[in-house]
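So the structure is just underneath, and the comments pick up after that.
The values are calculated or read from the model by the stated rules, or taken from the named source; none is laboratory data. Only a predicted model underlies this, so the values are computations on that prediction, with no experimental measurement involved. Here the Cβ is made from the backbone with ideal geometry for all residues, glycine too, and neighbour counts use every protein chain on show.
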C-alpha cells in the first residue's frame with residue numbers, strides 16, 4: 001500500500017526489496033533516471049505537489065494506509081487484513097460430453113466462481129454500497145481477490 005509520504009509525492013524513503021532507493025523519473029525531462037539526483041529524476045525523489053494529479057490523489061484514497069511491517073525484512077508487503085467470510089467461495093462446474101459417433105465427440109464446459117467480499121474489506125475489488133453489508137462478485141475464472 002502507498003505510504004503516507006508516497007501519497008504526497010515523497011519517495012525519498014521508498015526502497016525496493018533489496019534496500020536500494022526506488023528512483024522516480026521526471027517525464028518532462030526526457031532523460032533517464034539511473035541514479036539518485038540524476039538529470040531525469042525528481043530532485044530528492046520528491047514529486048512536486050503541482051505535478052500530482054487531483055484524480056490520482058483521490059484514487060490513492062481508496063487504498064488503506066500501511067498497517068504492517070514485513071517480518072522477513074524483505075519489504076514485500078506492508079498491509080494485512082483478516083476479514084470474516086459469511087459464505088464460502090462457490091465454484092460451479094458443468095461439463096456435458098456428447099459422442100456423435102465413434103470418431104466424433106463434443107464437450108461443453110461452464111465454470112462459475114462466486115465469492116462474497118465484505119463491504120468492510122479494504123479492497124478496490126469491493127464496491128462502496130450504501131447500507132450494504134456485502135456484494136457478491138461473480139466472475140468467470142476469478143484469479144485473485146484484490
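Please go through region 37-51 and give me each residue that is part of a loop (DSSP other than H, G, I, E, B) and surrounded by 13 or more Cβ atoms within 10 Å (Cβ to Cβ), ordered by number. Across region 37-51, the qualifying residues are 38, 40, 42, 47.
Of all the listed residues (145, 132, 74), the sole one being closer than 30 Å to residue 15 by Cβ, surrounded by 10 or more Cβ atoms within 10 Å (Cβ to Cβ) and modelled with pLDDT under 50 is 145. For the condition without any contact (Cβ under 8 Å) to a residue 60 or more places away in the chain, in the same structural domain as residue 75 (by TED's automatic domain parsing), surrounded by 13 or more Cβ atoms within 10 Å (Cβ to Cβ) and in contact with a strand residue (DSSP E or B) (Cβ under 9 Å, 6 or more places away or on another chain), residue 24 qualifies.
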